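One structure is given here, and the rest of the page talks about it.
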């Protein structure tokens, strides 16, 4: 695995761990009691991590397609083979926990909706209480289907269909923020297309990777994302405007991760810096007027990128040294981030639902059980299905 891929896998690992920590602090009573705006600075990054997954997905699919172009059938087959064996097993586990913990009667339609998956947070097709993280898979499957069916032609990219996709995404972002009540089916497709624009931003990061991004701009980009994530623009949990801005501000950071080592400094482009500066200033002003946060919390988010840039100027070599030591372990975890993401929630729910277990035992059980499940999924189940279908 090369360094570029290590960087992306490390980010995938950090995003999955952030989701895990977020749900521990939400579901485990002994940890949930400490939730507030201050602890949220460190623990409340679940939705933002999913947005990072979408961006990473767009980047990785583009890089993969460049390296090994595939036909429509090959692409969709590979995606189905990677997504569905683990997903279906997790849905089975979730359905059992629903029956045990929530006493929910088994519904075949409910099971199918979550296994396909077509259940999202804002439609009448409901998610399981003990595994709502499946919502993001509805979006990933949609992204892969559109890309595979319409954007691949004779092992080449169909740019016209990509442009059409981007236009539909922008239109649906606009429709999602309008104060109208649409039929459930339309609402479902509007949000799918709206958030697919974020996936496309990741996809086009690769296309425009000749733009130069310095380490300093990457630091500013990365540590501005918390500020963007805390904005209340349209008071929607999945506000497509906010998360589109989030994805745009992430460009310099991800460009730096996939940069070509031999790229000369002369290719430096100030466009990214100007885009970043405009969005950052607008976001900082917007957050400063938000009455939901105390002045201290606002200051933390607004001055975080500046503080981290100063720290990087003084301790940049130390930061790079530490990162060089942890990147390979993180990249290794990143390869199993899909299983970690899908299985951790029902396991937390299962052990939280047993009131007789103390926290000192409960937390290790959650961690160990999650690790065992990941091992079974990634080293037993997935290789079995790979051999079964790829051999045929």
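Look through the stretch 348-357, keep the residues that are without any contact (Cβ under 8 Å) to a residue 40 or more places away in the chain and touching a helix residue (DSSP H, G or I) at 6+ places or on another chain (Cβ under 7 Å), and return whichever of them is surrounded by the fewest Cβ atoms within 10 Å (Cβ to Cβ).
357
Criterion first (under 14 Å from residue 54 (Cα atoms), surrounded by 18 or more Cβ atoms within 10 Å (Cβ to Cβ), modelled with pLDDT under 95 and within 18 Å of the chain's Cα centre (by Cα)) does residue 200 satisfy it?
Here the answer is no, as residue 200 does not meet what is asked.
Give the residue that is modelled with the lowest pLDDT, with candidates limited to residues of the stretch 128-160 that are in a loop (DSSP other than H, G, I, E, B) and within 13 Å of residue 87 (Cβ to Cβ).
Looking only at the stretch 128-160, we keep the residues that are in a loop (DSSP other than H, G, I, E, B), and these are 128-131, 151, 154-155, 158.
Going one step further and asking which of them are within 13 Å of residue 87 (Cβ to Cβ), we end up with 128, 131.
Details: 128: 86, 131: 92.
By that ranking, first place goes to 128.
Looking at the stretch 68-86, can you tell me whether even one residue there is closer than 20 Å to residue 9 by Cα, at pLDDT 90 or above and crowded, with 21+ Cβ neighbours inside 10 Å?
yes
Is it the case that residue 77 is over 13 Å from residue 247 (Cβ atoms) and in contact with a strand residue (DSSP E or B) (Cβ under 9 Å, 6 or more places away or on another chain)?
It is false that residue 77 is over 13 Å from residue 247 (Cβ atoms) and in contact with a strand residue (DSSP E or B) (Cβ under 9 Å, 6 or more places away or on another chain).
Please pick out the residue among 293, 243 that is on the phi < 0 side of the Ramachandran plot, touching a helix residue (DSSP H, G or I) at 6+ places or on another chain (Cβ under 6 Å) and in contact (Cβ under 8 Å) with a residue 60 or more places away in the chain.
Working: 293 fails: touching a helix residue (DSSP H, G or I) at 6+ places or on another chain (Cβ under 6 Å).
Step by step, each of 293, 243 is checked, and only 243 is on the phi < 0 side of the Ramachandran plot, touching a helix residue (DSSP H, G or I) at 6+ places or on another chain (Cβ under 6 Å) and in contact (Cβ under 8 Å) with a residue 60 or more places away in the chain.
Select from the stretch 87-126 the residues that are within 28 Å of residue 383 (Cα to Cα) and either touching a strand residue (DSSP E or B) at 6+ places or on another chain (Cβ under 7 Å) or not in a helix (DSSP H, G or I) (or both) and write down the one among them that is modelled with the lowest pLDDT.
119
Could you list, in sequence order, all residues of the stretch 135-153 that are in contact with a helix residue (DSSP H, G or I) (Cβ under 6 Å, 6 or more places away or on another chain) and without any contact (Cβ under 8 Å) to a residue 60 or more places away in the chain?
Of everything in the stretch 135-153, those that are in contact with a helix residue (DSSP H, G or I) (Cβ under 6 Å, 6 or more places away or on another chain) and without any contact (Cβ under 8 Å) to a residue 60 or more places away in the chain turn out to be 142, 150, 151.
Could you check the stretch 175-193 and list, in sequence order, the residues that are in a helix (DSSP H, G or I) and either loosely packed, with under 13 Cβ neighbours inside 10 Å or modelled with pLDDT under 95 (or both)? Quick ask: steps written out before the conclusion?
Of the residues in the stretch 175-193, the ones in a helix (DSSP H, G or I) are 175-176, 184-193.
Hits for the stretch 175-193 are 175, 176, 184, 185, 186, 187, 188, 189, 190, 191, 192.
From the set of residues in the stretch 4-21 that are surrounded by fewer than 19 Cβ atoms within 10 Å (Cβ to Cβ) and over 13 Å from the mean Cα position of the chain (by Cα), which is farthest from residue 205 (Cα to Cα)?
That would be 21.
Looking at residue 305, is it assigned to a helix (DSSP H, G or I), surrounded by 16 or more Cβ atoms within 10 Å (Cβ to Cβ) and in contact (Cβ under 8 Å) with a residue 60 or more places away in the chain?
Taking the combined requirement at face value, the residue satisfies it.
Checking the condition exposed (fewer than 13 other Cβ atoms within 10 Å of the Cβ), part of a helix (DSSP H, G or I) and out of contact with any strand residue (DSSP E or B) (no Cβ under 8 Å at 6 or more places or on another chain), which residue from 284, 360 passes?
None of the others qualify; the one that does is 360.
Just one of the numbered conditions (1) closer than 30 Å to residue 339 by Cβ; (2) not in a helix (DSSP H, G or I) is not true of residue 244; which one?
So residue 244 meets the others, but not (2).
The values are calculated or read from the model by the stated rules, or taken from the named source; none is laboratory data. Since this is a predicted model, take the numbers as computed values, not measurements. Quick reminder, even Gly has a Cβ in these numbers, built from the backbone with ideal geometry, and neighbours come from all protein chains shown.
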